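Data block below; observations after.
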Amino acid sequence: MNNVVYLLALHSIDGLGPIRLKAIIDYFKDPKLAWEAKAEEVRNLGLPQNVINLFLETRKRLDPESYAQSIKNSGINWVTIFDDDYSSLLRQIYDPPIVLYYKGKIKNWNNPAIAIVGSRKMTGYGRVVTERFTKELVASGLTIVSGLARGVDAKAHWTAVKEKGQTLAVLGGGLNQIYPPENRQLAEEIEQQGAVISEFPPDYPSLPGNFPQRNRIIAGLSKAVLVTEAASDSGSLITARLAVEGGREVFAVPGPITSSLSKGPIDLIKAGAKPIFEPQEILEELGIQNKVKATFHKELQLSEDERKVLEYLGEESHHIDEIGRMLSFPAAKISAILLKMEISGLVQGLGSGNYCKS
């Protein structure tokens with residue numbers, strides 16, 4: 001948008017959250033006009049007195065052009081709700097952030113994404129489950145969204161990085177204030193094939209009250225939320241609740257009943273979340289099964305004969321005798337090819353000698 005430096009300056013004012021800031025922009029139609037409004041106009045905006053005072057004080061000491069340049073100099077980019085490449089899913093939530101700051105390389109803000117969240121005190125079971133689900137979801141082309149927290153979040157991010165998938169880490173503070181500090185290296189790795197994101201100005205501290213606000217972005221960026229392991233009072237359950245409010249799917253992995261970290265997923269399932277045992281179930285629920293299989297097909301080293309079979313099958317089912325006859329393959333050869341392809345998941349036997357693409 002035009003005059004984005006003034007929008008960033010307005011966004012730096014503590015107390016101008018997304019709803020208030022959007023109302024101000026809608027009123028003035030231009031962030032520059034809002035920034036330069038007369039004091040009396042500012043006082044008539046209906047803002048709390050302390051926010052009005054901060055507004056008037058901030059614009060006395062802050063130069064919008066210099067402020068925006070300082071953000072750029074720290075390696076931080078931004079995207080605003082007025083930009084075309086802003087996440088279409090995030091735009092749908094009740095209070096989408098007006099500005100998102102990010103470090104990294106985002107190929108596509110609208111690539112299908114799933115949030116993977118859970119306990120900071122991850123068990124061995126949670127580690128195995130989180131890694132397994134993340135690997136297969138990344139292989140399907142999904143972006144992995146989480147919160148860079150200890151435990152499940154970090155495991156999901158690390159796995160996505162190792163699998164060369166896109167992952168987005170949403171912070172509860174500014175990008176110059178990575179929290180927790182032990183995940184700074186992880187944040188740097190994420191920047192190479194995804195992004196570290198925050199709606200807070202770059203130097204804003206990671207305060208406890210920021211994290212529920214952060215969680216709405218994790219849910220908002222995602223088509224669904226997967227909770228792999230969590231206690232009954234886990235912050236990940238807030239993310240799940242926000243996902244439900246936003247009309248997103250919530251999946252939960254059942255765990256051992258002897259573990260307190262199975263209580264969160266169990267509570268979610270009781271409340272209507274879908275119990276999940278295999279990553280493929282998530283893909284089917286999200287309606288992206290075909291995309292996964294297309295990726296799988298591409299990665300497989302198919303023989304020329306196997307490619308001919310897939311091409312002939314097309315979108316219909318055919319009898320094994322017909323396939324062999326049309327491709328001039330002997331009965332033993334077509335039988336062996338179809339058996340191998342069925343084991344690989346490329347074709348499906350329908351009974352009575354009929355086959356179709358999986």
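The values are calculated or read from the model by the stated rules, or taken from the named source; none is laboratory data. Everything quoted here is computed from the prediction, not taken from an experiment. Please note: Cβ atoms are built from the backbone with ideal geometry, for glycine as well, and neighbour counts cover all protein chains shown.
Structure data summary
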| read-out | value |
| --- | --- |
| Subset tally (residues that are more than 14 Å from the chain's Cα centre (by Cα), among the polar types (S, T, N, Q), more than 24 Å from Val5 (Cα to Cα) and surrounded by fewer than 19 Cβ atoms within 10 Å (Cβ to Cβ)) for the range 71-121 | 1 |
| So Ala294, is it modelled with pLDDT of 90 or more, in a helix (DSSP H, G or I) and of a type in the set (Gly, Ala, Ser) | no |
| Unique match (being free of Cβ contacts under 8 Å to residues at least 12 places away in the same chain, in contact with a helix residue (DSSP H, G or I) (Cβ under 9 Å, 6 or more places away or on another chain) and of a type in the set (Val, Ile, Thr)) among Ile93, Ile52 | Ile52 |
| Residue pairs meeting the criteria (Cβ under 9 Å; at least 6 apart or on separate chains; first within 15 Å of Ser335 (Cα to Cα), in the range 303-320; second modelled with pLDDT of 85 or more and of a type in the set (S, T, N, Q)) | His318/Asn354; His319/Asn354; Ile320/Ser335; Ile320/Asn354 |
| Among (1) modelled with pLDDT under 90; (2) under 20 Å from Pro201 (Cβ atoms); (3) of a type in the set (S, T, N, Q), the one test that Asn108 misses | (2) |
| Residue within the range 12-19 that is surrounded by 16 or more Cβ atoms within 10 Å (Cβ to Cβ), without any contact (Cβ under 8 Å) to a residue 60 or more places away in the chain, outside any loop (DSSP other than H, G, I, E, B) and out of contact with any strand residue (DSSP E or B) (no Cβ under 6 Å at 6 or more places or on another chain) present | no |
| Matching residues, the range 160-171, being touching a Lys or Arg at 6+ places or on another chain (Cβ under 6 Å) and either assigned to a helix (DSSP H, G or I) or modelled with pLDDT of 95 or more (or both) | Val170 |
| The range 127-148: number of residues that are crowded, with 24+ Cβ neighbours inside 10 Å and small (Gly, Ala, Ser) | 2 |
| Complete set of residues in the range 193-225 that are farther than 18 Å from Ile178 by Cβ, in contact with a strand residue (DSSP E or B) (Cβ under 9 Å, 6 or more places away or on another chain) and charged (D, E, K, R) | Lys223 |
| Test for Val5: is it of a type in the set (Val, Ile, Thr), under 30 Å from Glu136 (Cβ atoms), outside the structural domain of Leu237 (by TED's automatic domain parsing) and at pLDDT 90 or above | no |
| Any hit, the range 188-197, residues being in a loop (DSSP other than H, G, I, E, B), assigned by TED's automatic domain parsing to the domain that holds Gly247 and surrounded by fewer than 24 Cβ atoms within 10 Å (Cβ to Cβ) | yes |
| Single residue of the range 215-232 satisfying the filter (buried (at least 24 other Cβ atoms within 10 Å of the Cβ) and charged (D, E, K, R)) that is farthest from Phe277 (Cα to Cα) | Arg216 |
| Strands (runs of 3 or more DSSP E) completely within the range 93-155 that count 1 or more residues being touching a His at 6+ places or on another chain (Cβ under 7 Å) | 99-104, 143-146 |
| Odd one out for Val79, checked against (1) within 15 Å of Pro202 (Cβ to Cβ); (2) assigned to a helix (DSSP H, G or I) | (2) |
| Leu327 vs. criteria surrounded by fewer than 13 Cβ atoms within 10 Å (Cβ to Cβ) and at negative phi | no |
| Lone unmet requirement of (1) modelled with pLDDT of 90 or more; (2) in the same structural domain as Glu182 (by TED's automatic domain parsing); (3) over 14 Å from the mean Cα position of the chain (by Cα) for Leu137 | (3) |
| For Gly172: the one exception among (1) surrounded by fewer than 21 Cβ atoms within 10 Å (Cβ to Cβ); (2) free of Cβ contacts under 8 Å to residues at least 60 places away in the same chain | (1) |
| Of residues in the range 241-274 being under 15 Å from the mean Cα position of the chain (by Cα) and modelled with pLDDT of 90 or more, the one nearest to Ile98 (Cα to Cα) | Arg248 |
| Given (1) without any contact (Cβ under 8 Å) to a residue 24 or more places away in the chain; (2) surrounded by fewer than 18 Cβ atoms within 10 Å (Cβ to Cβ), index of the condition Ile269 fails | (2) |
